[in-house]
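All remarks here apply to the structure that follows.
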Amino acid sequence: MTTYRVALIGTGRVGYQFNFSDLPDNHAEAIGAHPRCALVAGVNRGRDKLVDFGQRFDVSALYHDYRQMLREVAPDICIITTHPQHHAEMVTACAAEPTTQAIICEKPMALSTEECDAMIDACQRADVLLQINHNRRWHPEWNLAKHLLDEGAIGRLNHIYCYMDGVKPAPWWTSEFEGPLLHDATHYMDLLDYFAGSVDWLCGLAEQRRRPWAVEDFAFAFMKFKSGVSALLHSTELTEYTDHAFELRGEKGIIRIQGEQVQLLQSQLALSEPDSGFEWSRLRESPIDRPPAASTYVEALEELINALEGNASLRSDGRVGRRSLEMVQAVYQSQLAGNRPVHFPADLKTSGIDALRQSSHFVERKA
């Protein structure tokens with residue numbers, strides 16, 4: 001059986017430092033856990049993380065220049081975990097190398113749909129698979145939520161409500177190129193696409209209310225999907241606490257996902273008046289069979305290898321990654337247009353953050 005030689009471009013937090021569970025919780029650990037993958041090279045701009053990565057994973061081919069690594073190591077799979085301003089250039093360069101068979105790129109896919117299109121085109125022309133790491137698509141609990149919805153546990157889906165309070169950017173993060181919508185809320189944009197399908201139109205708000213960085217610190221969006229489902233999303237960097245939740249609200253109940261765990265609430269008759277015929281139902285929590293835990297990084301890598309060998313399709317490819325990015329872009333476009341609805345496909349193809357800076361919506365302030 002083929003062993004795939006994998007290079008990690010970006011030896012930072014998601015590359016090898018994440019450690020939230022006993023399962024492989026970053027790309028490097030996932031590569032090490034997969035029997036058909038060999039971690040052969042690492043790339044990072046800084047020295048300390050690169051050296052630490054090499055020592056921890058016994059990798060000697062360490063580079064500061066990813067193009068030099070591509071020429072000298074010639075990996076089969078490239079995993080790109082750098083900041084998103086580098087994604088388009090790196091994906092395009094990796095796809096151009098004749099040995100590259102597949103690329104995993106971290107979310108957000110890029111900074112604009114224009115860059116997404118260039119990445120997709122480069123991979124299609126080179127016949128290279130492109131997977132975008134919207135990792136909840138491989139998460140057992142989120143797939144349980146999809147199964148419960150598809151099985152009719154809450155009846156017809158009416159509305160989705162999701163929020164992220166206490167997201168980035170912050171002083172320990174880069175805010176030059178991305179705000180909370182791109183960095184964190186893109187996960188929920190992707191999940192809205194996963195559960196509700198194609199979006200029809202969106203009305204959004206992206207404001208810099210109090211923070212000094214020239215990006216949004218509060219964002220809100222109301223969406224209508226072609227399936228008939230509506231959704232509300234808000235994303236803020238205005239709280240000292242972190243609180244995230246995602247609710248699927250149906251005619252017969254609610255599926256709530258909080259802390260990466262599903263809760264099922266179903267309608268049950270609570271009051272019945274025989275004489276008047278009046279009935280009143282309320283929500284009660286229902287027991288569910290929880291799936292076994294799994295590493296989303298390992299699951300995604302396994303799916304990629306199966307797709308390379310013609311035995312699977314990618315559940316998060318470049319087109320999927322582009323859709324969530326376009327939803328973020330549409331929020332920025334709506335803000336530019338005085339918070340008016342944006343119908344899809346969205347017209348704004350370049351960076352929405354750049355456009356809002358040029359229009360003085362976002363400005364650098366003294367801390």
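Proximity of backbone amide H atoms, modeled 1.01 Å from N, is registered between ALA245 and TYR163 at under 5 Å, excluding neighbours fewer than 5 places apart on the same chain.
Under the 0.36 nm per residue contour assumption, what length would be gained going from the current alpha-carbon distance of VAL363 and LEU238 to full extension?
This chain segment gains 43.3 nm when fully extended.
Placing a pseudo-label 7 Å from each Cα along the Cα-to-Cβ vector at GLU151 and MET1 gives an inter-label distance of 3.0 nm.
Packing here is the average count of other Cβ atoms within 10 Å per residue, and on that basis the peptides 277-284, 103-110, highest first, run 103-110, 277-284. With the simple spin-label model, which puts each label point 7 Å out from Cα in the Cβ direction, the GLN258 to ASP275 separation comes to 4.0 nm.
Taken along the Cα-to-beta-carbon direction at a fixed 7 Å, the label points for ASP52 and HIS64 span 1.9 nm.
How large is the helix-only mean residue ellipticity at 222 nm for the chain, computed as the sum of -39500 (n - 2.57) over DSSP H runs with n ≥ 4, divided by its residue count, in deg cm²/dmol to the nearest 500? The partial results should precede the final answer.
Numbers: 10 runs with 111 residues, N = 367.
Theoretical 222 nm ellipticity from helices: -9000 deg cm²/dmol.
Applying a 4.7 Å Cβ-Cβ cutoff to the chain leaves CYS37, CYS105, CYS116, CYS123, CYS162, CYS203 as cysteine residues with no disulfide-compatible partner. If R0 equals 25 Å, the separation of the Cβ atoms of HIS343 and ASN158 corresponds to a calculated FRET efficiency of about 0.70.
Descending by average beta-carbon neighbour count within 10 Å, the peptides 72-82, 11-21 line up as 72-82, 11-21, the highest first.
Determine the dipole magnitude for the chain: charges of +1 sit on the beta-carbon of Lys and Arg, -1 on that of Asp and Glu, nothing else is charged, the reference point is the Cα centre, and the result goes in debye to the nearest 20. Display every interim value, and only then the final one.
Working: 36 positive and 50 negative charges, 98 e Å.
Dipole about the Cα centre, nearest 20: 480 debye.
For the pairs LYS252/LYS349; LYS49/LYS146; LYS226/LYS252; LYS107/LYS224; LYS226/LYS349; LYS107/LYS252, flag any whose C-alpha to C-alpha distance is greater than 28 Å. Over 28 Å apart, Cα to Cα: LYS252/LYS349; LYS49/LYS146; LYS107/LYS252. Net charge around GLU29, counting only other residues with Cβ within less than 12 Å of its Cβ (Lys, Arg = +1; Asp, Glu = -1)? Within the 12 Å Cβ shell, the charges total -1.
Computed from the coordinates by the stated procedures, all read-outs in this text should not be read as laboratory data. Just so we're clear, the structure is a prediction, and the values are computed from it rather than from any experiment. For neighbour counting, all protein chains shown are included, and Cβ atoms are generated from backbone atoms with ideal geometry for every residue, glycine included.
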